1. State yes or no: is SER199 in contact (Cβ under 8 Å) with a residue 60 or more places away in the chain and in a helix (DSSP H, G or I)?
2. I'd like the residue in the range 16-45 that is over 24 Å from THR100 (Cβ atoms) and not hydroxyl-bearing (Ser, Thr, Tyr) and, out of all such residues, is surrounded by the fewest Cβ atoms within 10 Å (Cβ to Cβ).
3. How many residues, within the range 72-100, are closer than 22 Å to ARG179 by Cβ, modelled with pLDDT of 95 or more and either surrounded by 18 or more Cβ atoms within 10 Å (Cβ to Cβ) or in contact with a His (Cβ under 9 Å, 6 or more places away or on another chain) (or both)?
4. Among residues belonging to the range 46-71 that are within 23 Å of the chain's Cα centre (by Cα) and basic (Lys, Arg), point out the one that is surrounded by the most Cβ atoms within 10 Å (Cβ to Cβ).
5. Taking only the range 219-228 into account, find how many residues are more than 9 Å from the ligand (Cβ to nearest atom) and either of a type outside the set (D, E, K, R) or closer than 16 Å to TYR283 by Cα (or both).
6. Check the range 169-186 and report whether any residue there is surrounded by fewer than 21 Cβ atoms within 10 Å (Cβ to Cβ), more than 16 Å from the ligand (Cβ to nearest atom) and within 21 Å of GLU84 (Cα to Cα).
Amino acid sequence: MKTIVTGGAGFIGGNFMHFAVNAYPNEEWICLDKLTYAGNMETLQALEGKKNYKFVKGDIADREFIFDLFRTEKPDRVINFAAESHVDRSLKDPELFLRTNVLGTVCLMDACREFGIERYHQVSTDEVYGDLPLDRTDLFFNENYPIKTSSPYSSSKGSADLFVLAYHRTFGLPVTISRCSNNYGPYHFPEKLIPLVISRALNDESIPVYGKGENVRDWLYVTDHCKAIDLIVRKGKVGEVYNVGGHNERTNLEVVKTILKALNKPESLITYVTDRPGHDMRYAIDPTKLETELGWKPEYTFDTGIPVTIDWYLNNKDWWEHIISGEYQEYYKKQYGEE
Ligand code: NAD
C-alpha cells in the first residue's frame with residue numbers, strides 16, 4: 001500500500017507523516033510538497049532514513065509533474081493536505097489560493113482518474129461553512145450545513161470540496177472529505193494564533209489580538225485530527241463528508257490569556273489591532289457523525305493539549321527560531337506594522 005501525502009512538510013501534514021510512517025511501517029508513505037514559506041524540511045528530519053518514507057519536492061498544480069509522479073509511483077491513495085492555508089495571506093493574494101487550493105485539487109484528482117486509485121482524501125476545513133453568530137451557542141455546523149464562505153481562503157477550500165464531490169458523482173472517483181476545526185500543536189507555523197502567542201510571549205514581545213478578541217474558534221489538538229483522517233481514509237464511506245472537532249470553543253482572548261498565564265507572562269503584552277475585514281465570528285463543529293459511525297474520540301481537550309503544546313515549543317526552540325528569523329519577519333511587519 002502506497003500513499004502520497006501532499007503538504008506533508010506543513011503543520012498538519014507533517015504531524016500526519018510522523019504518525020503514519022511510525023504507525024504503519026509496512027506501508028509506503030511519500031510526502032509531496034512544494035516547500036513554500038509554510039513547508040519546512042526540519043519538520044520531517046526525524047523521518048529521514050526510514051525505509052517506508054520518501055520526500056518529493058513538487059507542485060500539486062503542475063499537471064505534467066503530477067502525472068509523471070503518478071506514472072512512476074503508482075500510488076494506491078492520495079491524502080491532500082497541500083494548500084495555501086492562511087486567511088490573512090489570502091486577502092493579499094487570492095489568485096495563489098485559487099491556483100493551489102482549487103486547481104491543485106483538480107489536477108491531483110485528474111491524475112487519480114487517469115492512473116486509478118483506491119482512495120482520494122481531501123483535507124478540508126470548518127471555514128467552508130462560514131460563521132455562526134456569537135449569541136447562538138445552540139448552533140453547530142453539521143455536514144449538511146450549506147457552504148457559505150467568507151474569505152478567499154475559505155472560498156478556495158469550499159470550491160475544492162465541491163469539485164471533490166462532483167468527481168465522485170460524475171466520474172465515480174472514490175473520495176472522502178474531512179472538515180476540521182482549528183488545529184494546534186507541534187510544528188505549527190508561528191503566523192497562526194497559538195504558536196504566535198507562545199513564541200512572542202517567550203521573547204517578551206507584544207501580542208497582536210484582532211478587534212476585541214471576541215471571535216470564537218473550536219480548537220483541536222493536531223494528532224487527534226491526524227487520527228481522524230486515518231480512520232476516515234481506512235473506514236469512511238466513499239462519497240461522504242466527515243466533520244472533525246472536539247467541542248473546545250474559546251474566544252481568541254481566552255486563548256491568549258490562557259497561554260500567558262501558563263508562561264507566567266503579563267497580560268500587558270496584549271495589543272489590540274484593527275480587525276481583519278470579513279472576520280468570521282464563531283466556528284463550532286458537530287462531530288457526531290464521525291463519533292457514532294466511525295467511533296472517533298479525541299484524546300486531548302483544550303486544557304490538556306495546551307500544556308503539551310507549550311512544552312513542545314519550549315523544548316524545540318531551534319525549530320521555530322529558524323522560522324521567525326527569516327522571511328516571516330518581513331511578513332509580520334507588513335501585517336501588524338513595525339514594533
Ligand atoms: P500549512 O500552511 O502549515 O502547510 C501547507 C503545506 O502545503 C506546506 O508544507 C506547503 O509547502 C505545502 N504547499 C503549499 N502549496 C503547495 C503546492 N502548490 N504544491 C505542493 N505543496 C504545497 O497548512 P496546515 O495548517 O498544515 O493545513 C493543512 C491542510 O489542512 C490545509 O488543506 C488546510 O486547509 C487544512 N486545515 C487546516 C486547519 C488548521 O487549523 N491549520 C484546520 C482545518 C483544515
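The values are calculated or read from the model by the stated rules, or taken from the named source; none is laboratory data. Predicted, not measured: the structure shown is a model, and the values here were computed from it. With ideal geometry, Cβ positions are generated from the backbone for all residues, glycine too; neighbour counts draw on all protein chains shown.
1. It is true that SER199 is in contact (Cβ under 8 Å) with a residue 60 or more places away in the chain and in a helix (DSSP H, G or I).
2. First pass over the range 16-45, keeping only residues over 24 Å from THR100 (Cβ atoms): 21-28, 45.
Within this subset, residues satisfying the condition of being not hydroxyl-bearing (Ser, Thr, Tyr) are 21-23, 25-28, 45.
Numbers: VAL21: 23, ASN22: 14, ALA23: 11, PRO25: 12, ASN26: 7, GLU27: 14, GLU28: 17, GLN45: 10.
The residue in question is ASN26.
3. Here the count works out to 13.
4. LYS54
5. Within the range 219-228, residues that are more than 9 Å from the ligand (Cβ to nearest atom) and either of a type outside the set (D, E, K, R) or closer than 16 Å to TYR283 by Cα (or both) number 4.
6. The answer is no; no qualifying residue exists.
Every residue, every condition in (1) hydrophobic (A, V, I, L, M, F, W, C); (2) surrounded by fewer than 12 Cβ atoms within 10 Å (Cβ to Cβ); (3) out of contact with any Ser or Thr (no Cβ under 7 Å at 6 or more places or on another chain), yes or no:
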site: ASN248; (1), (2), (3): no, no, no
site: VAL255; (1), (2), (3): yes, no, yes
site: LEU263; (1), (2), (3): yes, no, yes
site: LEU269; (1), (2), (3): yes, no, no
site: ASP311; (1), (2), (3): no, no, yes
site: ILE324; (1), (2), (3): yes, no, no
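Residue by residue, here is whether (1) farther than 23 Å from VAL102 by Cβ; (2) within 15 Å of the ligand (Cβ to nearest atom) holds:
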position	(1), (2)
ARG119	no, no
ASP135	yes, no
HIS188	yes, yes
LEU202	yes, no
